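**Q** Let me begin by handing over the structure; questions about it come next.
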Amino acid sequence: MSEGVEWALHSCLNLTWVEPGQAVTAAKLAAFYELPAAYLNKQLQALARAGILSSSSGPRGGFQLARSPEAITLLDVVIAIEGPDEAFRCDEILRQGPGGNANTDYRQTCLISQGMRRADLAWRRELAAQTLADIKSTVERQFPATPQNTRNRLAGLRA
């Protein structure tokens with residue numbers, strides 16, 4: 001996975017603590033972790049295209065969550081940034097190996113391909129089972145000052 005997934009997840013989490021109706025610019029979200037604003041903005045735009053964030057322009061413009069944190073899974077964010085493709089791509093190299101058959105679909109018969117597909121499905125199930133609200137709740141329980149600290153830091157950053 002690219003670093004954009006980590007950046008997107010942390011940005012979404014930070015947006016859970018912003019006052020309702022308030023948008024945060026890409027520049028502020030990037031400055032929060034000293035990230036390159038142009039690259040983070042690409043990730044934020046991908047999240048907006050996926051319906052995870054909404055964006056608005058103008059002096060009070062920026063990004064905010066488009067759905068409740070309960071309705072955003074970790075898998076939603078991963079797919080928005082990385083795309084829906086499986087992590088493992090079977091190129092069917094068995095077709096060129098000894099005993100290979102041009103008419104066989106090795107993606108279906110190869111034990112390595114099957115094992116990798118099962119692992120990918122387990123990974124996706126785990127990500128789909130965790131919402132942004134779950135992460136938010138855990139952070140707030142373990143680090144209760146985080147919501148206010150996040151609001152204060154965002155308020156103090158330049159746009």
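The values are calculated or read from the model by the stated rules, or taken from the named source; none is laboratory data. Bear in mind that the values here come from a model prediction, so they are computed numbers and not experimental data. So basically every Cβ, Gly included, is an ideal-geometry build from the backbone, and we count neighbours across all protein chains shown. Note: accessible area is taken over every heavy atom of the protein model, side chains too, but ligands, DNA and RNA are not part of it. Shrake-Rupley method; radii C 1.70, N 1.55, O 1.52, S 1.80 Å.
**Q** Which pairs turn up if I take residues in segment 117-142 that are over 30 Å from ARG89 (Cα atoms) and look for partners that are of a type in the set (Ser, Thr, Tyr) and loosely packed, with under 14 Cβ neighbours inside 10 Å with beta carbon separation below 8 Å, at least 6 apart in sequence or on another chain?
**A** ALA133/SER68
**Q** In addition: So, GLU82, is that one of a type in the set (D, E, K, R), more than 19 Å from SER137 (Cβ to Cβ) and touching a Ser or Thr at 6+ places or on another chain (Cβ under 9 Å) or not?
**A** yes
**Q** Anything in segment 28-81 that is part of a loop (DSSP other than H, G, I, E, B) and of a type in the set (D, E, K, R)? List them, or say none.
**A** Passing the criteria: GLU34, ARG60, ARG67.
**Q** Sort through ALA80, ALA71 and tell me the only one that's in contact with a strand residue (DSSP E or B) (Cβ under 8 Å, 6 or more places away or on another chain) and closer than 30 Å to PRO20 by Cβ.
**A** ALA71
**Q** What pairs come out if I take residues in segment 143-159 that are open to solvent by 60 Å² or more (accessible area, probe 1.4 Å) and pair them with residues that are charged (D, E, K, R) whose C-beta lies under 8 Å away, six or more apart or interchain?
**A** Matching pairs, first to second residue: ARG151/GLU19; ARG158/LYS28; ALA159/LYS28.
**Q** Considering SER56, SER11, which residue is surrounded by fewer than 19 Cβ atoms within 10 Å (Cβ to Cβ) and either of a type in the set (S, T, N, Q) or touching a strand residue (DSSP E or B) at 6+ places or on another chain (Cβ under 9 Å) (or both)?
**A** Every option except SER56 fails the conditions.
**Q** A further question on this structure: Report yes if GLN108 is open to solvent by less than 70 Å² (accessible area, probe 1.4 Å), over 30 Å from ARG158 (Cβ atoms) and assigned to a helix (DSSP H, G or I), otherwise no.
**A** So GLN108 does not fit the description; no.
**Q** Please verify whether ARG107 is in contact with a helix residue (DSSP H, G or I) (Cβ under 6 Å, 6 or more places away or on another chain), among the charged types (D, E, K, R) and at negative phi, treating the condition exactly as stated.
**A** Against the criterion (in contact with a helix residue (DSSP H, G or I) (Cβ under 6 Å, 6 or more places away or on another chain), among the charged types (D, E, K, R) and at negative phi), ARG107 qualifies.
**Q** Something else now. Report, by residue number, each residue of segment 111-142 that is among the basic types (Lys, Arg) and either touching a His at 6+ places or on another chain (Cβ under 7 Å) or open to solvent by less than 80 Å² (accessible area, probe 1.4 Å) (or both).
**A** ARG117, ARG124, LYS136
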